[in-house]
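Data first, discussion second: the structure below is written as C-alpha cells.
The values are calculated or read from the model by the stated rules, or taken from the named source; none is laboratory data. Source: prediction; values computed, not measured. Glycine gets a Cβ as well: all are built from the backbone with ideal geometry, and neighbour counts include every protein chain shown.
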Amino acid sequence: MPEETVAQFHIRSVQVLAEDETVDDELVPDLSDDELLTVYEQMKRSRRLDERAIALQRRGELGTYAPAIGQEAAQVGTAFALADDDWLVPSFREQPALLVHGTEPDAILQYAKGMEEGAEIPDGDGALPPAIPVGSQPLHATGIGWGEALQDRENVAITYFGDGATSEGDVYEAMNFAGVYDAQTVFVCQNNRYAISTGTEKQTNTETFAQKAIAAGIDCVQVDGNDVLGVYRVAREAVEKARNGEPVLIEALTYRRSMHTTSDDPSAYRESEEESEWEARDPILRFQRYLENRGVLDEETKEAITERIEEELAAAIEEANERREELDPADMFRHVYEDLPPELEEQLAAFEAEKGGESQ
Amino acid sequence: MPEETVAQFHIRSVQVLAEDETVDDELVPDLSDDELLTVYEQMKRSRRLDERAIALQRRGELGTYAPAIGQEAAQVGTAFALADDDWLVPSFREQPALLVHGTEPDAILQYAKGMEEGAEIPDGDGALPPAIPVGSQPLHATGIGWGEALQDRENVAITYFGDGATSEGDVYEAMNFAGVYDAQTVFVCQNNRYAISTGTEKQTNTETFAQKAIAAGIDCVQVDGNDVLGVYRVAREAVEKARNGEPVLIEALTYRRSMHTTSDDPSAYRESEEESEWEARDPILRFQRYLENRGVLDEETKEAITERIEEELAAAIEEANERREELDPADMFRHVYEDLPPELEEQLAAFEAEKGGESQ
Amino acid sequence: MSERLRMVEAVRDTLGAELARDDDVVVYGEDVGEAGGVFRATQGLIDDYPDRVFDTPVAEAGIVGAGVGLAATGMRPVAEIQFQSFLYQGFHQLAQHVARMRSRTRGTITCPMTIRTPYGGGIHALELHSESFEAGFAHIPGLKVVFPSSPAETKGLLTASIRSSDPVVFMEPTRLYRSFREEVPDDHEIPLGEARVVEPGEDITVVAWGSMLRETLDAVDDIDASVGVIDPRTLYPLDTETIVDSVKKTGRCAIVHEAPKTAGMAGEIIARLNEEAFLYLEAPIERVTGYDVPMPMFAREDDYLPDADRIEAGIRDTLEFG
Amino acid sequence: MSERLRMVEAVRDTLGAELARDDDVVVYGEDVGEAGGVFRATQGLIDDYPDRVFDTPVAEAGIVGAGVGLAATGMRPVAEIQFQSFLYQGFHQLAQHVARMRSRTRGTITCPMTIRTPYGGGIHALELHSESFEAGFAHIPGLKVVFPSSPAETKGLLTASIRSSDPVVFMEPTRLYRSFREEVPDDHEIPLGEARVVEPGEDITVVAWGSMLRETLDAVDDIDASVGVIDPRTLYPLDTETIVDSVKKTGRCAIVHEAPKTAGMAGEIIARLNEEAFLYLEAPIERVTGYDVPMPMFAREDDYLPDADRIEAGIRDTLEFG
Ligand SMILES: Cc1ncc(C[n+]2csc(CCOP(=O)(O)OP(=O)(O)O)c2C)c(N)n1
Ligand SMILES: Cc1ncc(C[n+]2csc(CCOP(=O)(O)OP(=O)(O)O)c2C)c(N)n1
Ligand SMILES: [Mg+2]
Ligand SMILES: [Mg+2]
C-alpha cells in the first residue's frame, strides 16, 4: 500500500434563492404561502426588536445588547425546521431563533435589562437560557441530544454559535461527543465574518467552518446564510438526520451587519464600504423581493405585519418595564440552592435588615 | 451555484517497510548504515529501559510507569527527524523519543521515582518535561513553534500525544492556533488503539485521527507507526514543512503492547489474542529483520548493542538511586518562585524545625 | 441488612443502588464502563446497566458540559472525573454553567449533577494526581462540596448527593479507598450540611475531613487531653453551628487539611469562629495544612502532607498556648 | 516626567513602555490588536509593534497554554483574557502548567507570563463579566496575584508583573478603568508583595484592594474615628507584616472584597491575624463581602456589591464591639 488515500471528504454548499433572485426549483422547499409569510414575519419581528432594543439601550433602558441584524435568515430558517418539542440552545445573539421557538419578546428585553427573570424558561419550553461564555453551550446541546436518545424520545436539540466560537475547544468536544453518542443534535455555526473585531482569517486557517465537523466524524454542510429558503432546506435535512441519531454541523455564511454589541464600534476594525455591500445583500430584502415576485406578499400584508409587530413590541416593552419595577433584589438569595443553606439564610437576613434600615 | 462542492480533502497513508518485509524503493529514506543502526539501537534502548523499569516498579523501586513497548518505531522514527536545536514536547509515554532527543535514562528513572529532579531540563536541551494532563502539552508546542518563528529562528517543536488526547479541546486549539500563526510545530498522534481501557471507536466517530487536522486547516498524514522507515520518511517531510511555517499532524498507527501504566491490567478490557497478534507485528522485530536481510545487522553488532545498553542502564539505575538518596525534601519550597516569599520562608523554617526535631 | 465494605466498594454499592432505584441516573466518565474505573469504583455496573453506564472520550469539559444537557432532559448525571485536578479541564463548565443554572434561570432549569472525583495524596501517584482544591470549589456559589471519610459515610453522603437536586462535587480520598472495611448499611442517606461529632471533647476542637480525619484520629490517640474531633463532611454548606458549639466549650481549635495553607478552607472556618465564637477563644486557632507549594511528586509527598505527628504537634501547641 | 492618566490609559502606557524596553515582550489576546481591546487597553500598540501584538482566536486555553511555549523560547508573554471569568476556560493550563513549570522542573524552565484580566462588578456588564476569583488564584502556589487600585498603581504593579520571572494574574477593576485620572510617573515599578498604607489609623484597620479600595475610602470619610486603610496590592504573596503591624496598633479590623464571602480572601487574612495578632484583637474581624450567590445580573448587581454604606456599617459595628 506504500502510499494510498484512506479517507476522503468534501464540503457541499447550498443556495436556493440566489442574490439575483433566481431560484433553484429542485431544491426549493415546499412551504405553503402561509408558512412563507410566517418566516418573513419572524425575520421582520426580530429585526424590529433589535432596532428598538438598540434605541432603548442608547436611552439607558437596556444593558449591553447583541443585535442579530443581518443574520435573520440563518436563524429563522433553521429554527423554523424544528418541531414543537425540539430544544433550542442559544448563544447570546439568537433573538430571531428564540422568537421562532416561542420565547416572548419581553423575556428578551428583561434579560437585556440585567434581570434573571428574562432567563426563566417556562415549563415545557425546550430551551436553555442565553449562554454568554463563547462556545460553551454546544456541549449542553450534545447532552440534550444524547439524553433524548437515551430516553427513546425523538426530540432534537439545535444549538447556535459563531465563527469565533469554533476556536474554543468546547465546540470541538461537543461535536466529537455527539459523534460518539449519536446525539440528536444540530450544530449551527453562523459565520458572520467577525468575532467582535477579529476576522475569520485570524480565527482559523480553514477554508470553511463546515469542515470543523470532519474532525468529529459528523456530517456537515455549508449554506448561504442570507438565503432563508436554502437555510431552511439544509436545516430540515439536518433535523431529520439528527432525529435518527446523526448529528450535523451547518455553516451558514452570513454577515453581522450591526455592531458586535451596543458596546462596540465597528469602525475601529472594518470599512463602511463593506457594511454597505452587505446592506444590499440583506436577507430580509432578498426574501421580501422573492415573496413579492411570487405574489405572496402585498403592501397590505406588509402593513398588517408591521402593525402587529409594533403593537407586540410596545406591549413587550411595557411588560418588561413593569417586571423591572417589581424586581425583588432579595431573590438573588433564593435560587442558588433548592433550600436556603444556613449561610444564605444569615446573609439574606443581614441583607434585609440593611435594606429595611435604608428605607426607614 | 445551487449545490456545489467548495472544499475537498483526502487523507494519505504511508508505509515503506511492509509487514512482509517488502520495501517501497521510491519512498525508502536515504539513511546510511550507521544511521540505520542508530535507529535500531535507540528502539532497543527504549524497549530495554521500559522492561527494566517495569521490573523495578514491581519491586517497589519506581512509582507508576507508562511503558512505550510497541510504539518505538512511531517515536524513534519521528524524533530521529529532528535537528539538534529542535524542541521535544512529550506526553508521559515518550521514553523512545526522549532518548533519541538526548534525555539521559537516569532522568527518566528519577522522574519515575517521583522526583522533580527527573523533570529538570538541562540548559539548551530544547525539551519540556513530561505532561501528565492528557492533551495539554500540544499547546506548549504550538507556543514554541510560534515563538521560534517570531524570533526568526528555524527550530521546530515536535509534540506527542495519543488517540485519547485528541478528544481534549486543547489539542484542537493547539492545532488551530498553529494554523493561524504558521507555528513551526509537528503534532504526532500515536494511535495506539487505547486510552487506558477505552478503544478508539468510543473515542471518536472519525475514520482516522489524521483528519482531526482538517478542522484546524493544517496538513496531515497517516503512517504505519510500526514501520520505522515510513515514520521517518513522513516525519522528515513534516519537519521540513514545519520549519517553513506549515504545521503538520502525523497519525502513527501503532499498538500499546503492554499495560497502560504499571497500575493497569489490560485483561479487564482486551483479549490476549489481540496482544499476541500485535506481538508478531512488533516494530523492532520488523526493522531488525530488514536490517538483517540487508546485511547491516549481524549477531556481533546485536550483542555489542545489547551490552552497551545493559551497561548504560545499570549505570543509570545506580545514578538514579544515588540521587534519590541525596534528595532534599526542603527543596519543594525552593523552586516555587524565583525568590522565597515570606509565606514560604516561614513555612520552610517550620518545616526545618520539625525535621530537625524529628532527627534529634 | 448491611455489609462490611471498603470505601471503593461503598462507592460501587451506592452507584448500583441508585441506578436500580432511579431510571434517570446515568453514570459516565473515562474508563468507568468496561474496565470498571481506574480504581474499580464502577466495576460491574455496565453489565447490569449497559444503557446507563458509559465510557467517555478523554474530555473533561465534555463530561461536565454534557451533564448540563443530560440534566435538562430530566436525567440525573453522575460523572466520574478520573482525578480531581483533571476537573480543571472542565472548570469553566462547572463554574459558568453547572453551579449557576438554577440561579440564572430562577429555578426553572436545574442541574442535579454529581461529580465524583478521587482527590488527595498518600498513594504515591503521578504528578497532578493528588490535588485538593476544595476551597476553590466551596468558593463557587451553587455547588455543594462533600467529603466522605469512611465507607459508611461514603454510602450515606453519596446517596444524598445523587438524590440532591443541587450539583455536588464529591471528593473521594484515594488513600482511603482500600485502607479499611466498615459496616455499611443498606439504605443510608446522610443529609448534606450536617457535621459529625466524631469525638466529643472538652479541651480542644479539631476539625478535619476526608483522609485527614484518619490522620487526626491517629494523632489524637497520643494526646493526654480531652480532644473533640469534628468532621464537617460537607464544606459547603458548612455546619458552622456544630463547630462553633464545640469551640465555645473548648476555647481552642485546630483545623487540618492537605490543600495548601493560603486561601484554604481553614481560613474560612477560622473566619466563622472569629465571627461567632470570638469571646470564647483562648488561643489562636491552629492550621495544620499542606504548604504553599504545588503538591510535590511522590518522593516528597510525605514531607508535604500533614501527618499524625504534625497534627499532634499543632494540637499540643494550641493546648499549651497562654 | 509624568502624565495624568486614567487607569486604562496607564495599562496601555505600561504595555507600550515594556514592549519598547524589551524585545521579548509579546502582547496578545482576543481583540487586542486592530481594535485595541474591548476596553481599549491596548489601543495603538499593534501599529508600533505589528510583530509583537496579536489578535488571537477565541480560545482561552489556547492563549494561556501557548504562553507556556512562548515563554520556553525566551519570550515574555503578556496575555489579555477579555473578562476574568473566561480565564476559567484556561484554568487547567494555568493551574497545571503556568503555575507549576518552575517548581516541577526545579527552576530549569520558567513561565514569566503576565495574564491581565478585567474583573469585578459595577459597570452593568453582561452575565459572567463581573467575577472576582482572586481567592482561587491565590490558592494556587506558583502564581502571584496582583490588584491595582489606581492609575499610578497600575503602572507600578504592571511594570513589576511583566518584569517578574514568576507568572502573575493581574486583575484590573473594570469600574476604575475610566473613573478618574491621576499623575502617573514615567518609569515606575512597585515591588510585588508590598502592601500600601493608604491611610494610617489608630482605631481600626480596614483592608481592601482593587475597586473596593475606592469604596472603602468613601466609607471612611464619614467615620469619626482614626481609620487605617491598607491596600495589600498583591494577594499572593501577601504582605502580612504591614497588616499585622497595623492591627496590633488598632486592635480592630475589617476586610472588604466583592467576591463571595465563603472561602474568599478575607478568611485568609483573618487566619493570619488570628495567628499573628491574636492577643491584640479587641473585636471579631469584620468581613464586608459579596454574598454566597453567583454574581447576579446587573439589575441586582448594586445590591450584591459591597458599597460605601455597607462598608461603613461594618466598620462601625467593629468599632462599637465590646
Ligand atoms: C469564553 C469567552 N471568551 C470571550 C468572550 C468575549 N466575547 C464575547 S462575544 C465574542 C466573539 C464571539 O464571536 P463569534 O463566535 O463569531 O460570535 P458572534 O459574536 O459573531 O455572534 C467574544 C470574544 C466570551 N463571552 N466568552
Ligand atoms: C486531563 C486528563 N484527563 C485524564 C487523565 C487520566 N489519563 C491518563 S492517560 C489517559 C488515556 C490517554 O490515552 P491516549 O491519549 O490514547 O494516550 P496513551 O495512554 O494511549 O499513550 C487518561 C484518561 C489525565 N492524565 N489527564
Ligand atoms: Mg462571528
Ligand atoms: Mg492511546
- prompt: Within the stretch C:76-86, is there a residue that is part of a loop (DSSP other than H, G, I, E, B) and aliphatic (A, V, I, L, M)?
  reply: yes
- request: Go through D:GLU286, D:GLU275, D:GLU282, D:GLU241 for me and flag whichever is within 30 Å of A:HIS335 (Cβ to Cβ) and either in contact (Cβ under 8 Å) with a residue 40 or more places away in the chain or outside the structural domain of D:PHE147 (by TED's automatic domain parsing) (or both).
  value: D:GLU286
task: For the stretch C:244-267, name all the residues that are part of a helix (DSSP H, G or I) and either of a type in the set (Val, Ile, Thr) or more than 9 Å from chain D (Cβ to nearest Cβ) (or both).
output: C:VAL244, C:ASP245, C:SER246, C:VAL247, C:LYS248, C:LYS249, C:THR250
message: Looking only at the stretch B:93-119, how many residues end up being at the interface with chain D (Cβ under 7 Å from one of its Cβ atoms) and out of contact with any helix residue (DSSP H, G or I) (no Cβ under 7 Å at 6 or more places or on another chain)?
response: 0
message: Take the conditions under 14 Å from B:LEU88 (Cβ atoms) and either more than 16 Å from ligand 1 (Cβ to nearest atom) or more than 14 Å from chain A (Cβ to nearest Cβ) (or both) and apply them to B:ALA141. Does it pass?
response: yes
task: For the stretch D:193-211, enumerate the residues that are part of a loop (DSSP other than H, G, I, E, B) and buried (at least 24 other Cβ atoms within 10 Å of the Cβ).
output: D:TRP209, D:GLY210
message: Just to be sure I understand, how many residues within the stretch B:177-194 are more than 16 Å from ligand 1 (Cβ to nearest atom) and either assigned to a helix (DSSP H, G or I) or free of Cβ contacts under 8 Å to residues at least 60 places away in the same chain (or both)?
response: 3
- prompt: Can you find even one residue in the stretch A:250-266 that is closer than 19 Å to A:VAL223 by Cβ and either in a helix (DSSP H, G or I) or over 19 Å from the mean Cα position of the chain (by Cα) (or both)?
  reply: no
message: Please determine whether any residue of the stretch A:124-136 is more than 16 Å from ligand 1 (Cβ to nearest atom), out of contact with any Gly (no Cβ under 9 Å at 6 or more places or on another chain) and more than 9 Å from chain B (Cβ to nearest Cβ).
response: yes
query: Where residues in the stretch C:31-56 are touching a Ser or Thr at 6+ places or on another chain (Cβ under 6 Å) and either surrounded by fewer than 22 Cβ atoms within 10 Å (Cβ to Cβ) or not in a strand (DSSP E or B) (or both), which of them is farthest from the other protein chains (Cβ to nearest Cβ)?
result: C:VAL32
field: Condition check for C:GLU9: away from ligand 2 (no atom under 11 Å from the Cβ), more than 14 Å from chain A (Cβ to nearest Cβ), of a type in the set (Asp, Glu) and not in a helix (DSSP H, G or I)
entry: no
Matching residues in the stretch A:158-176 - criterion: being of a type outside the set (Phe, Trp, Tyr) and either part of a strand (DSSP E or B) or not assigned by TED's automatic domain parsing to the domain that holds A:THR78 (or both): A:ILE158, A:THR159, A:GLY162
query: For B:GLU94, are the conditions met, namely being away from ligand 3 (no atom under 16 Å from the Cβ), under 30 Å from D:VAL25 (Cβ atoms), among the acidic types (Asp, Glu) and assigned by TED's automatic domain parsing to the domain that holds B:SER258?
result: no
- prompt: Looking at (1) away from every other protein chain (no Cβ under 14 Å); (2) surrounded by 17 or more Cβ atoms within 10 Å (Cβ to Cβ); (3) out of contact with any strand residue (DSSP E or B) (no Cβ under 8 Å at 6 or more places or on another chain); (4) more than 24 Å from A:GLY164 (Cβ to Cβ), which is the one condition that is false for A:LEU82?
  reply: (3)
- request: Take the stretch C:191-232 and flag every residue that is farther than 19 Å from C:ASP309 by Cα and in contact with an Asp or Glu (Cβ under 7 Å, 6 or more places away or on another chain).
  value: C:GLY193, C:GLU194, C:ALA195, C:ARG196, C:VAL198, C:PRO232
task: For A:ASP170, state whether it is buried (at least 24 other Cβ atoms within 10 Å of the Cβ) and within 16 Å of ligand 2 (Cβ to nearest atom).
output: yes
query: What are the pairs, 6+ residues apart or on separate chains, where a residue within the stretch A:334-347 that is at the interface with chain C (Cβ under 8 Å from one of its Cβ atoms) has its Cβ under 8 Å from a residue that is of a type in the set (Asp, Glu) and in a helix (DSSP H, G or I)?
result: A:HIS335/A:GLU116; A:PRO342/C:GLU241
message: Here is a check on your reading of the model: is D:ALA266 in contact with a His (Cβ under 9 Å, 6 or more places away or on another chain) and modelled with pLDDT of 95 or more?
response: yes
- prompt: Quick check, is B:PRO133 surrounded by 24 or more Cβ atoms within 10 Å (Cβ to Cβ), part of a loop (DSSP other than H, G, I, E, B) and away from ligand 3 (no atom under 16 Å from the Cβ)?
  reply: yes
query: Counting just the residues of the stretch A:318-333 that are away from chain C (no Cβ under 11 Å) and of a type in the set (A, V, I, L, M, F, W, C), which one comes out surrounded by the fewest Cβ atoms within 10 Å (Cβ to Cβ)?
result: A:ALA330
task: Check D:ALA20, D:ALA71, D:ALA95 and return the single one that is more than 7 Å from chain B (Cβ to nearest Cβ), assigned to a helix (DSSP H, G or I) and surrounded by fewer than 22 Cβ atoms within 10 Å (Cβ to Cβ).
output: D:ALA20
message: Given the condition free of Cβ contacts under 8 Å to residues at least 12 places away in the same chain, on the phi > 0 side of the Ramachandran plot and out of contact with any helix residue (DSSP H, G or I) (no Cβ under 8 Å at 6 or more places or on another chain), answer yes or no: does some residue in the stretch A:198-212 qualify?
response: no
message: Tell me the residue from C:ARG214, C:ARG178 that is under 18 Å from the mean Cα position of the chain (by Cα), in contact (Cβ under 8 Å) with a residue 40 or more places away in the chain, assigned by TED's automatic domain parsing to the domain that holds C:GLU241 and surrounded by fewer than 24 Cβ atoms within 10 Å (Cβ to Cβ), please.
response: C:ARG214
- request: Answer with yes or no whether A:GLU201 is assigned to a loop (DSSP other than H, G, I, E, B) and away from ligand 2 (no atom under 16 Å from the Cβ).
  value: no
